[in-house]
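The values are calculated or read from the model by the stated rules, or taken from the named source; none is laboratory data. Source: prediction; values computed, not measured. Backbone-built Cβ (ideal geometry, glycine too); neighbour counts: all protein chains shown.
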Amino acid sequence: MVTLSNPLARQPESYSKKKEYTFNKTIGEGTFGIVRSATWKAADPPIDVAIKVIAKKNLKGHTELVEGEMEVLKGLDQPHIVKFLDWFESKDKFYLVFEEATGGELFERILQRGRFTEVDAARVIKAVTSAIQYLHHYNIVHRDVKPENILYRSKAEDANVVLVDFGIAKHLKNEDEVLTSVAGSLGYAAPEVLAKKGHGKAVDMWGIGVICYTLLCGYTPFRSDDPSKLSEETQRGKIEFHDRYWKKVSNEAKDFVKACLTVDAAKRLTADEAMRHPWLTDPAGVAPEHDISAGLRENYRRRWKTAINAVRAGARFRTIAVLAGQQNAAASGGGGGDTHASKKKQKHELISDGEDEDGEDEFYDMDDKPRPSDEASLKKN
């Protein structure tokens, strides 16, 4: 860790790559960092990319999580998985470089386009399922399949969707390995994750089931605005097809949803089985061409996105959060600390995290240079 008493410490060797990029605006932010739009000048021709900037201080010493994400991403080559292009680091941050997907999030794009049919929904789900199938063939579990992690590659009408955010993905040592850490997003996390029973590849198919259900009617299968009740609803796994929104939806689509949202993970549809399901193999032959976007328009913004996302904002759980919580508890002798203050600090870190992106000397990081107040305190000492 670089301290103020050593502000001129050298950067890691890979930091020299930073000169190859021109950083632009921030296009997203998450628990541990931000995503910046950038231009990779060294590419021939130069290309637009998205750079995930992760502050090392937010990792609380668990840098293996970023290393694990890169290990999962290296070598992946599938049309519906975002491409990992490069990485480098500074003393204070990791920089992960991806192709830039500029077409927008799945549901927002659907709302913008107007007409959206069951056949369209089947094609989207088939694309995402093919990505999951590819990952599972390599023993990789994504663990955070949700609409926010499905983006359109471009704004073109026929653009592909791509699966992004492998921050909590895991590369299994073998087919039988059981994961025990609680990780995912409430509302999409599978029952076995919430019950802490151990989990594997089947959690990704549960996420696909939730997305599919929501695409077809505009609201999620489990809808409580109380996190504990939402968890209980998920573990019960009772789903309903309300006639108002489902009466025109094909039986094949309903069967696909039920097969994905099977509480018993051992009986849940696998990615290979899903790709052979009639709803995905021949959507035009089984799915009606009626417009299903009305359900999304009526429910998504008004009821689901505002209420359910508010729950997830306070109830998101990730491996690093668990690890950091354990570490903080140990450091403080088990005390809870000032949660509100820590949240405020984290938000500040996210906002200020990109301030060093404008051409400083390759051996220095702006965040390491003393601020005026720091210089004053150094002089006093």
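Annotations for the structure displayed:
- Of all residues in the stretch 188-236, those being assigned to a helix (DSSP H, G or I) and closer than 20 Å to His171 by Cα number 9.
- Residue list for the stretch 53-83, filter: among the polar types (S, T, N, Q) and in contact with a strand residue (DSSP E or B) (Cβ under 7 Å, 6 or more places away or on another chain): Asn58
- The residues of the stretch 155-174 that are under 18 Å from Ile51 (Cβ atoms) and not acidic (Asp, Glu), listed by number, are Val162, Val164, Phe166, Gly167.
- Qualifying residue in the stretch 281-302 (condition: of a type in the set (Ser, Thr, Tyr) and at pLDDT 80 or above): yes
- Any chance Lys52 is over 14 Å from the mean Cα position of the chain (by Cα) and not in a loop (DSSP other than H, G, I, E, B): no
- Within the stretch 87-124, tally of residues that are under 16 Å from Leu296 (Cα atoms) and hydrophobic (A, V, I, L, M, F, W, C): 9
- Selection of the stretch 29-68 for residues being polar (S, T, N, Q) and either in contact (Cβ under 8 Å) with a residue 40 or more places away in the chain or more than 17 Å from Lys19 (Cβ to Cβ) (or both) yields Thr31, Ser37, Asn58, Thr63.
- Any hit, the stretch 175-193, residues being out of contact with any strand residue (DSSP E or B) (no Cβ under 8 Å at 6 or more places or on another chain), at pLDDT 90 or above, surrounded by fewer than 22 Cβ atoms within 10 Å (Cβ to Cβ) and acidic (Asp, Glu): yes
- Condition check for Ile239 on (1) farther than 22 Å from His136 by Cβ; (2) of a type in the set (A, V, I, L, M); (3) not in a loop (DSSP other than H, G, I, E, B): one failure, at (3).
- Qualifying residue in the stretch 42-54 (condition: within 29 Å of His137 (Cβ to Cβ) and of a type outside the set (A, V, I, L, M, F, W, C)): yes
- Residues in the stretch 71-91 that are among the acidic types (Asp, Glu) and surrounded by 17 or more Cβ atoms within 10 Å (Cβ to Cβ): Asp86, Glu89.
- Residues within the stretch 251-271 that are in a helix (DSSP H, G or I) and touching a helix residue (DSSP H, G or I) at 6+ places or on another chain (Cβ under 6 Å), tallied: 7
- Exactly one residue out of Leu96, Leu163, Leu151 is under 17 Å from the mean Cα position of the chain (by Cα), assigned by TED's automatic domain parsing to the domain that holds Asn58 and buried (at least 23 other Cβ atoms within 10 Å of the Cβ), and it is Leu96.
- Of all residues assigned to the stretch 233-243, at least one qualifies as being under 21 Å from the mean Cα position of the chain (by Cα), surrounded by 18 or more Cβ atoms within 10 Å (Cβ to Cβ) and modelled with pLDDT of 95 or more.
- Ala253 vs. criteria more than 28 Å from Leu172 (Cβ to Cβ), aliphatic (A, V, I, L, M) and touching a Phe, Trp or Tyr at 6+ places or on another chain (Cβ under 9 Å): yes
- For Thr39, the stated conditions do not hold, so it cannot be described as of a type in the set (Ser, Thr, Tyr) and closer than 21 Å to Ala183 by Cβ.
- Residue check, Lys248 out of contact with any Leu (no Cβ under 8 Å at 6 or more places or on another chain) and either farther than 14 Å from Ala121 by Cβ or assigned to a loop (DSSP other than H, G, I, E, B) (or both): yes
- Which numbered condition Gly68 misses (of (1) closer than 26 Å to Phe256 by Cβ; (2) part of a helix (DSSP H, G or I); (3) not assigned by TED's automatic domain parsing to the domain that holds Val162): (1)
- Qualifying residue in the stretch 200-215 (condition: assigned by TED's automatic domain parsing to the domain that holds Lys126 and over 22 Å from the mean Cα position of the chain (by Cα)): no
- For the stretch 27-47, residues that are farther than 16 Å from Glu148 by Cβ and either of a type in the set (Val, Ile, Thr) or part of a helix (DSSP H, G or I) (or both) total 2.
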